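First up is the structure itself, then whatever we jot down about it.
The values are calculated or read from the model by the stated rules, or taken from the named source; none is laboratory data. Keep in mind it's a predicted model, so treat the numbers as computed, not measured. No Cβ is skipped: glycine too gets one built from the backbone with ideal geometry, and neighbour counts run over all protein chains shown. Just the protein is used for accessible areas: all its heavy atoms, side chains included, with ligands, DNA and RNA removed. Shrake-Rupley method; radii C 1.70, N 1.55, O 1.52, S 1.80 Å.
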Amino acid sequence: MAATKTRIVAPEIGLLLRLIDEAYEKKAWHGPNLRGSVRGLEAQEAAWRPGANRHNIWEIVVHAAYWKYAVRRRILGEKRGSFPLKGSNWFVRPTAMIEDAWREDVALLNDMHRKMRAAVAAFSAKDLQKIPRGSKVSNAAIIYGIALHDVYHAGQIQLLKRLAARIVDA
């Protein structure tokens, strides 16, 4: 019987994976994570806008997906241009008020998270210290930064849900 190789994950990588997992989808002491904050929302709820020129939940979801893509691209040294939507950072949503479009954008967030997480999981401890081209901070800072980004937007989404409920109840 052939022996299988087991990759030993550096403790630093393990910690960063736990951070991005907790910020995105694992149970957290601080409240809902990003994925949990949008769980069960329908397109109409996600499209509610608190005011003119203000972002809605749907746009925050696509924004978060974009930055997961940007983090993966940056830490791997990939070129721009492979994000599935045209543009960058903020994307006007919804383009069509249909549940399938909302679910596709949530699936995009999940897909970008999985790809980013896989890139981090393949890193060595030495990779964390590198400063990617065009960046001022290390890969480690970029990676824990995306976890903080997820927690920030999860809180923002929770606030938007409460504001929308107050307006509906009024």
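Calculate one ³J(HN,Hα) per residue across region 121-132 by plugging θ = phi - 60° into the Karplus curve 6.51 cos²θ - 1.76 cosθ + 1.60, and present them in order as whole Hz with x for glycine and proline.
Working through the residues one at a time gives 4, 7, 6, 9, 4, 5, 4, 5, 7, 5, 9, x Hz.
Set the Förster radius R0 to 41 Å, insert the Cβ-Cβ distance between Gln44 and Ser124 as r into 1/(1 + (r/R0)^6), and round the FRET efficiency to 0.05.
For Gln44 and Ser124, the calculated efficiency is 0.35.
Through the Karplus equation 6.51 cos²θ - 1.76 cosθ + 1.60, θ set to phi - 60°, convert the phi angles of region 17-23 into ³J(HN,Hα) values in whole Hz; use x for Gly and Pro.
Per-residue couplings from phi come out as 5, 5, 4, 5, 5, 5, 5 Hz.
Give the carbon-plus-sulfur fraction of the accessible surface of region 1-94 in %, rounded to a whole number; probe 1.4 Å, heavy atoms of protein chains only.
Carbon-and-sulfur percentage of accessible area, whole number: 53.
Could you do me a favour and compute the accessible area per residue for the chain, 1.4 Å probe, result in Å²?
61
With all pairs of different alpha carbon atoms counted, what Kirkwood hydrodynamic radius in Å does region 115-170 show?
Kirkwood hydrodynamic radius for region 115-170: 13.7 Å.
Could you tell me which residue out of Phe91, Val106, Ala70 lies farthest along the dipole of the chain toward its positive end? Charges go on the beta carbon: Lys and Arg +1, Asp and Glu -1, centred on the Cα centre.
Sorting the options by dipole projection puts first Ala70.
Rounded to the nearest 20 Debye, what is the dipole magnitude of region 30-160 about its Cα centre when Lys and Arg each give +1 and Asp and Glu each give -1 at the C-beta?
760
Report the chymotrypsin sites (Phe, Trp or Tyr not before Pro) located in region 62-151 that are in a DSSP loop and have at most 12 other Cβ atoms inside 10 Å of their Cβ, or state none.
Listed in order of number, the matching sites are Trp90.
Provide the gained length on full extension for the span Gln158 to Lys136, in nm with one decimal, where the gain is 0.36 nm per separating residue minus the Cα-Cα distance.
4.8 nm
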